[in-house]
Amino acid sequence: MNPLDDEDVDLRRPWARFSSWLECACVVTFDLELGQAIELVYPPDVKLTEKEKSSLCYLSFPDSYSGCIGDTQFSFRMRQSVGRRHSRLSNDLYNRDAPAALQSEASHFYGYVYFRQVKDASVKRGYFQKSLVLVSQLPFVQLFHSLLHIIAPDFFHKSEPCLETVCKQIDQWPFLAAGLTFNLPLMGVVLQVRIPCQKDKVGSPVRASLKENVVPMPTLLPSVNELDLFRCFQSVLIHLQMLWELVLLGEPLVVMAPSPAVSSETVLALVSAIAPLKFCCDFRPYFTIHDSEFREYTTRTQAPPNVILGVTNPFFIKTFHNWPHVLRLGENTKMSGDVPKQLKIKKVAKLKTLDTKPGVFTAYKSFLLKDKVLIKRLLKGIQRRRPSEAQSAILRRHFLELTQSFIIPLERYMASLMPLQRSVTPWKTPPQIRPFSQDEFMSVLERGGPQLTSALRGDWTGLYRKFFKSPNFDGWYRHRLREMTRKLESLHLEVICEADLLGWTRDKSEVEIVDLVLKLREKLMKAGKQQLQVRDDVFSKLESFITSVMSSLPQDLQHVLNTQ
């Protein structure tokens with residue numbers, strides 16, 4: 001009955017370990033007659049729908065306007081086809097323990113691309129153009145781009161045999177699990193990574209773990225997902241507060257960039273700015289006019305959807321001129337002395353012309369004041385040649401503290417809605433979690449709000465009221481409610497386990513006993529499906545009780561219960 005016992009089922013499935021990390025690896029090439037076309041998919045039995053193949057092809061090549069010569073790495077995110085089944089126990093167990101922002105996605109694929117374009121006289125178009133793509137449900141941008149960096153040099157020389165070898169090596173990796181450090185061997189290199197878990201202290205650094213005698217010596221990857229935030233935000237440092245609010249509120253935002261690499265990094269950096277809060281709106285690190293959602297996102301008959309789009313084609317300037325927030329990045333953001341030129345806020349109406357200069361096009365007024373101390377610290381760091389890694393660490397800490405200051409009052413109020421542990425009794429249905437009242441929350445904000453932990457001043461109340469209308473609040477609330485409901489179910493099971501069940505049955509009728517057995521069975525089955533975290537002895541003790549009680553019942557009743 002214990003759900004962990006079912007992991008053997010995953011172990012017996014072909015490519016089970018591989019699919020814990022990746023969906024597949026693809027090669028996309030340019031065909032003179034077909035355009036972008038999939039040349040190879042591995043493992044060969046992976047089933048991609050025609051719609052998924054089409055999206056993957058278009059998203060795996062830079063737009064023709066980007067002019068990417070040489071090697072380029074970037075990321076995209078695309079919808080999975082409706083009806084695709086992805087109920088893998090290993091991924092369910094991982095999601096149970098993983099931070100919300102790093103969980104495996106059931107409705108989207110991430111694509112991690114290594115694109116090569118070089119002059120080649122033997123090709124009719126004069127250029128060799130090919131992309132190696134890792135497709136996954138995991139947002140591990142740093143890990144998978146690091147893998148591509150290892151794989152690509154050999155792949156572009158040996159092609160299919162190399163890809164087959166790589167996939168078979170990944171299939172030897174352990175199953176993905178949160179909270180563990182893995183040594184992942186690949187093509188003579190060992191990457192050491194720690195997969196974060198919910199219990200981690202957010203923001204704590206990753207430390208090497210060299211207890212095992214691994215040859216060659218592992219290369220430590222500091223994070224599976226963190227980006228160089230400073231590189232992404234260096235031209236918008238004076239607008240960090242406003243951008244954080246736009247992401248927090250799930251506002252429609254378009255990032256116009258000179259290349260897919262800049263586009264995808266910037267969108268992913270924006271989404272990560274509200275961590276550990278999960279961004280619950282849609283986001284596309286790289287989006288093209290060929291995307292199946294193009295019409296959905298560019299219709300002018302309704303308000304723009306809650307989505308962050310990364311684009312490179314100048315055509316989008318005209319298409320998105322009615323969007324409320326547009327961030328247009330230029331080719332070069334550095335001024336003399338390596339000080340980033342800060343983009344100015346401009347009116348959205350000025351975006352209509354094709355020769356628009358870089359800028360932030362919005363009429364949005366921030367609820368909170370700018371953190372001038374942070375901006376001065378970062379600008380001083382540039383002048384003092386502070387490494388980008390250190391600048392990024394400062395930025396990450398700032399966003400983390402800002403998000404935590406905002407979310408802690410919500411978490412504290414949510415916890416107050418949980419029934420007291422002493423009110424959970426074995427013979428009654430667990431009490432209900434109280435509903436979230438926005439008015440009640442606002443009433444406690446004055447004495448227990450973000451002002452206790454954040455030095456930033458402004459209209460926090462207005463920001464919360466706007467947040468309550470966003471998909472991010474809805475997603476956060478549903479996630480917390482689900483967690484609390486599971487905790488309540490676990491508590492109830494443990495209270496039942498501690499009760500004198502056999503003593504209770506002594507003066508009860510067969511009907512009452514049978515009813516109890518059926519209810520316990522149902523609770524255990526539900527607990528198994530939800531992978532409830534309960535004490536190890538709970539399942540075995542309750543199953544022993546059910547077996548013992550059933551053996552004391554008449555044969556006909558036992559038969560009825562066994563067929564239920």
Would you confirm whether or not region 418-440 contains a residue that is of a type outside the set (Ser, Thr, Tyr), open to solvent by less than 60 Å² (accessible area, probe 1.4 Å), farther than 30 Å from Ser223 by Cβ and not in a loop (DSSP other than H, G, I, E, B)? no
Arg478 being in a helix (DSSP H, G or I), open to solvent by 60 Å² or more (accessible area, probe 1.4 Å) and touching a Cys at 6+ places or on another chain (Cβ under 9 Å): yes
Quick one: count up the residues across region 454-472 that are among the basic types (Lys, Arg) and either at pLDDT below 95 or open to solvent by less than 70 Å² (accessible area, probe 1.4 Å) (or both). 1
Can you tell me which of Ser223, Ser235 is touching a helix residue (DSSP H, G or I) at 6+ places or on another chain (Cβ under 9 Å) and assigned to a loop (DSSP other than H, G, I, E, B)? Ser223
Give the number of residues within region 256-304 that are part of a loop (DSSP other than H, G, I, E, B), modelled with pLDDT under 90 and surrounded by fewer than 18 Cβ atoms within 10 Å (Cβ to Cβ). 9
Might you let me know whether region 135-153 holds any residue that is farther than 30 Å from Glu483 by Cβ and modelled with pLDDT under 90? yes
Find the residue count for region 482-500, including only residues that are without any contact (Cβ under 8 Å) to a residue 60 or more places away in the chain and more than 36 Å from the chain's Cα centre (by Cα). 2
Given the condition assigned to a helix (DSSP H, G or I) and either surrounded by 14 or more Cβ atoms within 10 Å (Cβ to Cβ) or in contact with a Leu (Cβ under 7 Å, 6 or more places away or on another chain) (or both), answer yes or no: does some residue in region 109-126 qualify? no
Scanning region 361-374 residue by residue, those open to solvent by 20 Å² or more (accessible area, probe 1.4 Å) and assigned to a helix (DSSP H, G or I) turn out to be Lys372, Val373
The lone condition Trp21 fails out of (1) of a type outside the set (Ser, Thr, Tyr); (2) at pLDDT below 90; (3) under 26 Å from the mean Cα position of the chain (by Cα); (4) at negative phi is (2)
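How many residues are of a type in the set (D, E, K, R) and assigned to a loop (DSSP other than H, G, I, E, B) if we restrict to region 442-462?
Number of matching residues: 2.
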Restricting the search to region 142-170, which residues are surrounded by fewer than 16 Cβ atoms within 10 Å (Cβ to Cβ) and within 23 Å of the chain's Cα centre (by Cα)? His149
With respect to Pro358, determine if the residue is modelled with pLDDT of 80 or more, under 17 Å from Glu245 (Cβ atoms) and open to solvent by 30 Å² or more (accessible area, probe 1.4 Å). no
Which members of region 98-108 meet the condition of being among the aliphatic types (A, V, I, L, M) and either surrounded by fewer than 20 Cβ atoms within 10 Å (Cβ to Cβ) or free of Cβ contacts under 8 Å to residues at least 60 places away in the same chain (or both)? Ala100, Ala101, Ala106
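Looking at region 544-561 only, could you name the residues that are at pLDDT 70 or above, assigned to a helix (DSSP H, G or I) and open to solvent by 60 Å² or more (accessible area, probe 1.4 Å)?
If the condition is that a residue be at pLDDT 70 or above, assigned to a helix (DSSP H, G or I) and open to solvent by 60 Å² or more (accessible area, probe 1.4 Å), then Ser544, Thr547, Ser551, Gln555 are the ones that fit.
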Regarding Lys508, is this residue assigned to a loop (DSSP other than H, G, I, E, B), charged (D, E, K, R) and either open to solvent by 40 Å² or more (accessible area, probe 1.4 Å) or under 30 Å from His479 (Cα atoms) (or both)? yes
Might you let me know whether region 205-217 holds any residue that is surrounded by 14 or more Cβ atoms within 10 Å (Cβ to Cβ), out of contact with any helix residue (DSSP H, G or I) (no Cβ under 7 Å at 6 or more places or on another chain), modelled with pLDDT under 95 and not in a loop (DSSP other than H, G, I, E, B)? no
Can you name every residue in region 305-318 that is in a loop (DSSP other than H, G, I, E, B) and either of a type in the set (Ser, Thr, Tyr) or buried (at least 19 other Cβ atoms within 10 Å of the Cβ) (or both)? Thr312
Against the condition in contact (Cβ under 8 Å) with a residue 12 or more places away in the chain, buried (at least 19 other Cβ atoms within 10 Å of the Cβ) and among the polar types (S, T, N, Q), how does Gln391 come out, does it pass? yes
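The values are calculated or read from the model by the stated rules, or taken from the named source; none is laboratory data. Being a predicted model, the structure only gives us computed values, none of them experimental. Neighbour counts run over all protein chains shown; Cβ positions are idealised from the backbone, glycine included. For the accessible areas, the whole protein counts, side chains as well, though only heavy atoms, and no ligand, DNA or RNA atoms are used. Shrake-Rupley method; radii C 1.70, N 1.55, O 1.52, S 1.80 Å.
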